[in-house]
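Visitor: Would you mind keeping the following structure in view while I ask a few things?
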Amino acid sequence: MLLVKDSNNFSVENIRMQNSAFWTFRIFRSECVFVRGIRIYSHTNWNNDGIDIDGKNVVVSDCVIDCDDDAVCLKSDDDKFVVENVAITNCVIASNCNPIKFGTASRAGFKNIAISNCIIRAASESNIRNWNSLSWMERYCVAKPITGISGIALEAVDGGGSGKRNHFKHSNDRHSNSHIYKGWAPQ
């Protein structure tokens, strides 16, 4: 696992991370972080996030992320630290859960998030999750095997920055020119 915590002007480029015991790459309360050309392949356990971003002025580009849990997850764990000015671009993203997720932690919220020119596809392997075995999936979704539950997920179980449940605080978020391949998630 790589943890960038309380850092400024930090750059990670052209490395490969494989089969982390937990979240693979965590950016926490950091500013001006640049991530470029990294490759993450992590399918060893249920909670194998790819990149968890809890920072300001973060750029993630030209990465390939293939993991069991959330591939790119924006988190807001600190009540006083808004996740803002984040750009995710030109990445290939694969997940057995949520390729792109805002939350589950969303205490201070999200602002000015841009996701562009990304490809979302099925994960290379699925050794742990079998969403079709869940009874609600069998009743309401297609019968064919699927490996994920959504392309982009907004989850705020902790109040979403408002102190109230079921409120999700975000502003100026943009998503453009990305592609989710057919057959990846329920249709």
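Visitor: In region 86-110, what count of residues is obtained for those that are touching a Phe, Trp or Tyr at 6+ places or on another chain (Cβ under 7 Å) and either of a type in the set (Asp, Glu) or buried (at least 24 other Cβ atoms within 10 Å of the Cβ) (or both)?
Guide: Number satisfying all stated conditions: 3.
Visitor: Just to verify a result, which residue in region 1-36, among those that are in a loop (DSSP other than H, G, I, E, B) and of a type outside the set (Ser, Thr, Tyr), is nearest to the chain's Cα centre (by Cα)?
Guide: That would be TRP23.
Visitor: Cβ-Cβ under 6 Å, sequence separation 6+ or interchain: first residue in region 61-72 and within 14 Å of GLY37 (Cα to Cα), partner in a strand (DSSP E or B) and among the polar types (S, T, N, Q). Which pairs?
Guide: Partner pairs satisfying both residue conditions: SER61/THR89.
Residues are listed down the side, and each one gets a yes or a no for (1) among the β-branched types (Val, Ile, Thr); (2) buried (at least 24 other Cβ atoms within 10 Å of the Cβ); (3) more than 22 Å from ILE152 (Cα to Cα):
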| residue | (1), (2), (3) |
| --- | --- |
| VAL4 | yes, no, yes |
| SER11 | no, no, yes |
| SER20 | no, no, yes |
| PHE28 | no, no, no |
| ILE38 | yes, no, no |
| ASP49 | no, yes, no |
| GLU84 | no, no, no |
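Taken together, the values in this text are just the output of simple stated rules run on the coordinates, not laboratory data. All values reported here derive from a predicted model rather than from experimental measurement. Quick reminder, even Gly has a Cβ in these numbers, built from the backbone with ideal geometry, and neighbours come from all protein chains shown.
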